[in-house]
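Scroll down for the structure; my scribbles are underneath it.
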Amino acid sequence: MNSIDLTVAITGMNARADNPGPGVAVARCLRDAPEFTGRIIGLGYDALDPGLYLREYCDSAYLLPYPSAGDEAFMSSLRAIHDSEKIDIILPCLDAELPGMVRLTPQFDELGIRYLLPTPEQLRLRNKDRLPELARHAGIHCPEIKSVTHSGFFYQCQEEGWSYPMVVKGLFYGAHIVHSADEAADAFREIAAEWGYPVLVQRLVEGEEYNLTAVCDGSGSMLGEVMMKKMAVTDKGKAWSGVSIFDQTLYDASAALIRAINWRGPLEVEVMRDNTGHYQLIEINPRFPAWIYLSAGVGRNLPLMLLQLILGQEIAAIPAARPGVLFIRHALENIVQQSEFEAVIMNGGQQLNPVPGPSPAATANEASRQATRNKP
Amino acid sequence: MAYYRVSLFTSSGVVFMDEHKQHDNHSAVLPSAQALRRLAISESGFVFDPMSGHHFTVNETGLEILRHLQKDQDLAELLALLGQEYSVGTRELERDVLEFAGMLRKFVGD
């Protein structure tokens, strides 16, 4: 067993109950792995991101400027954190971060920070507005998707063969099932205000939702996949409980998609099994899902596998798929002292688990705070 | 003679059939033994489909029928076996077994 005694920075420490980010779950997977003995740096965007205060998972935690602040602000903040924490590996966990992270890989290289990220082309090929083309190439069903730039579309869409209910989606986040033109126009305005244009509409597929997550090495291979059927969802349609499954058809479909784009890094394939039993591709997310802890639960710790892949270590043979393992999420109140909250608000971060020697957080805080002030 | 009652419950608690609900569905056919063999069946009557993630429960009689069907048991042989074991009329037994088999087909997507 190769021990990994490195410092890993993980983003996406937001964990609101109705729509949690994957960062805390990724950190939890690493903490569970006997092979991982290193430090975890939690990176978030909001002082109320719960992961910034969870010392059982993160050794230090910092705020980053929002991606909309630009690459320079982001790198300035990350560089300051790196100066103090000596980040060895970075694992981005949020869709909106990926384009910027991919652009910044030359600067990560300069700093000696390792990663496993898709190329800009791979990222583009799985964009929501490109999904039908990709699905066709891979031989998979996919509901029609259309880019919309004006809410007037919803009042005349029936002339173009669209009918209600349909799904209105943002390019990165957000999906609303709408039943009328007025409802659709409201959803359109809300998504456009938050995520910008284009806004997408997708034909609604009735059925059951299944997800697959995996790590991919960039050669078209899919390593250690874990499949899950949602058993209960939040108001936002996010899994609240699920059960691991194994379906060869879903495996083959996902493998075909990954081969088609030679995906590199973690990903999540979201499909609906329609009422005729066919899988319909809904989304491909360029990161681990929030339910990734199930991978540790079935003995296929995918975040650990990702680190091993990044480090060029030999990937041990993974155990057979274990269908029938459930996860049931729960909300938990973490008690946070005022001094901790103050440290995040005023200094842009804090050290959760002290290390011998000078505090790395103290030196990173000033630059991180400057960068964070740039956020919208 | 054993007490006769065959039932199958979904997670929503719906009773698909028992001795109080008689049906006239003769069109159902037996699910394939191959599809049924993938099911994980507990002695408690809890049944999980590892491919779809669905689960349901069956009572003792349903469990017995399910195990026979997994072995690709011929319908006539199955009815004869159950007829010897349970105090139930031939027509009622056949109707219930066929409906139970139809429900299983729906669950395994066969």
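Would you confirm, using the coordinates I've provided, whether A:Ala193 is of a type outside the set (S, T, N, Q), out of contact with any Phe, Trp or Tyr (no Cβ under 6 Å at 6 or more places or on another chain) and away from chain B (no Cβ under 14 Å)? Yes, satisfied. Condition (residue is over 28 Å from A:Val243 (Cα atoms), modelled with pLDDT under 90, surrounded by 13 or more Cβ atoms within 10 Å (Cβ to Cβ) and in contact with a Leu (Cβ under 8 Å, 6 or more places away or on another chain)) applied to the stretch B:87-101: is it met by at least one residue? Yes, there is a match, as at least one residue in the stretch B:87-101 is over 28 Å from A:Val243 (Cα atoms), modelled with pLDDT under 90, surrounded by 13 or more Cβ atoms within 10 Å (Cβ to Cβ) and in contact with a Leu (Cβ under 8 Å, 6 or more places away or on another chain). Hey, any hits in the stretch A:221-231 for a residue that's buried (at least 18 other Cβ atoms within 10 Å of the Cβ), within 14 Å of chain B (Cβ to nearest Cβ) and at pLDDT below 95? Taking every residue of the stretch A:221-231 in turn, none turns out to be buried (at least 18 other Cβ atoms within 10 Å of the Cβ), within 14 Å of chain B (Cβ to nearest Cβ) and at pLDDT below 95. Give the residues of the stretch A:88-120 that are at pLDDT below 95 and among the charged types (D, E, K, R), sorted by residue number. A:Asp95, A:Glu97 - these are the residues of the stretch A:88-120 that are at pLDDT below 95 and among the charged types (D, E, K, R). Number of residues in the stretch A:270-292 that are within 12 Å of chain B (Cβ to nearest Cβ) and over 13 Å from A:Tyr210 (Cα atoms) equals 2. Among the residues that make up the stretch A:66-85, is at least one of them in contact (Cβ under 8 Å) with a residue 40 or more places away in the chain, assigned to a loop (DSSP other than H, G, I, E, B) and under 18 Å from the mean Cα position of the chain (by Cα)? Checked against the condition, which is being in contact (Cβ under 8 Å) with a residue 40 or more places away in the chain, assigned to a loop (DSSP other than H, G, I, E, B) and under 18 Å from the mean Cα position of the chain (by Cα), the stretch A:66-85 yields at least one hit. Here A:Ser241 passes the criteria (1) farther than 13 Å from A:Leu294 by Cβ; (2) surrounded by fewer than 23 Cβ atoms within 10 Å (Cβ to Cβ) except the one numbered (1). Kindly evaluate A:Val8 against the criterion of being at pLDDT 95 or above, closer than 20 Å to A:Asn285 by Cβ and either of a type in the set (Val, Ile, Thr) or surrounded by fewer than 24 Cβ atoms within 10 Å (Cβ to Cβ) (or both). Against the criterion (at pLDDT 95 or above, closer than 20 Å to A:Asn285 by Cβ and either of a type in the set (Val, Ile, Thr) or surrounded by fewer than 24 Cβ atoms within 10 Å (Cβ to Cβ) (or both)), A:Val8 does not qualify.
Among the residues of the stretch A:232-269, those that are assigned to a loop (DSSP other than H, G, I, E, B) and either of a type in the set (A, V, I, L, M) or within 14 Å of chain B (Cβ to nearest Cβ) (or both) comprise A:Phe246, A:Asp247. Filtered by the rule that a residue be in contact (Cβ under 8 Å) with a residue 60 or more places away in the chain, of a type in the set (A, V, I, L, M) and not in a loop (DSSP other than H, G, I, E, B), the stretch A:1-26 gives A:Ile4, A:Val8, A:Ala9, A:Ile10, A:Ala25, A:Val26.
Just to verify a result, which residue in the stretch A:321-342, among those that are modelled with pLDDT of 95 or more and of a type in the set (A, V, I, L, M, F, W, C), is surrounded by the fewest Cβ atoms within 10 Å (Cβ to Cβ)? Out of the qualifying residues, it is A:Ile335.
Selection of the stretch A:27-55 for residues being over 23 Å from A:Thr234 (Cβ atoms) and part of a strand (DSSP E or B) yields A:Phe36, A:Arg39, A:Ile40, A:Ile41, A:Leu43. Restricting attention to the stretch A:205-216, the residues being buried (at least 16 other Cβ atoms within 10 Å of the Cβ) and more than 12 Å from chain B (Cβ to nearest Cβ) number 6. Quick check on the stretch A:91-112. Is at least one of its residues in contact with a strand residue (DSSP E or B) (Cβ under 9 Å, 6 or more places away or on another chain) and among the β-branched types (Val, Ile, Thr)? For the stretch A:91-112, residues in contact with a strand residue (DSSP E or B) (Cβ under 9 Å, 6 or more places away or on another chain) and among the β-branched types (Val, Ile, Thr): absent. Candidates are the residues of the stretch B:71-86 that are in contact (Cβ under 8 Å) with a residue 24 or more places away in the chain and farther than 14 Å from B:Val29 by Cα; the one that is surrounded by the most Cβ atoms within 10 Å (Cβ to Cβ) is B:Tyr86. Residue-level check: of (1) touching a Pro at 6+ places or on another chain (Cβ under 9 Å); (2) more than 30 Å from A:Leu309 (Cβ to Cβ); (3) of a type in the set (S, T, N, Q), A:Asn275 misses just (1). Just the residues that are crowded, with 17+ Cβ neighbours inside 10 Å and either modelled with pLDDT of 95 or more or out of contact with any Leu (no Cβ under 6 Å at 6 or more places or on another chain) (or both), please, taken from the stretch B:59-70. Listed by number, the residues that qualify are B:Thr61, B:Leu63, B:Glu64, B:Ile65, B:Leu66.
A:Ser339 fails exactly one of the following numbered conditions: (1) of a type in the set (Gly, Ala, Ser); (2) closer than 30 Å to A:Met231 by Cα; (3) free of Cβ contacts under 8 Å to residues at least 12 places away in the same chain. What is the number of that condition? Only one criterion in (1) of a type in the set (Gly, Ala, Ser); (2) closer than 30 Å to A:Met231 by Cα; (3) free of Cβ contacts under 8 Å to residues at least 12 places away in the same chain is unmet by A:Ser339, namely (2). Of all residues in the stretch A:139-153, those that are without any contact (Cβ under 8 Å) to a residue 40 or more places away in the chain have Cβ atoms under 8 Å from Cβ atoms of residues that are surrounded by fewer than 18 Cβ atoms within 10 Å (Cβ to Cβ), 6 or more apart or on another chain, in A:Ser151/A:Arg189.
The values are calculated or read from the model by the stated rules, or taken from the named source; none is laboratory data. Fair warning: this is a prediction, and the values are worked out from it, not measured in the lab. Neighbour counts run over all protein chains shown; Cβ positions are idealised from the backbone, glycine included.
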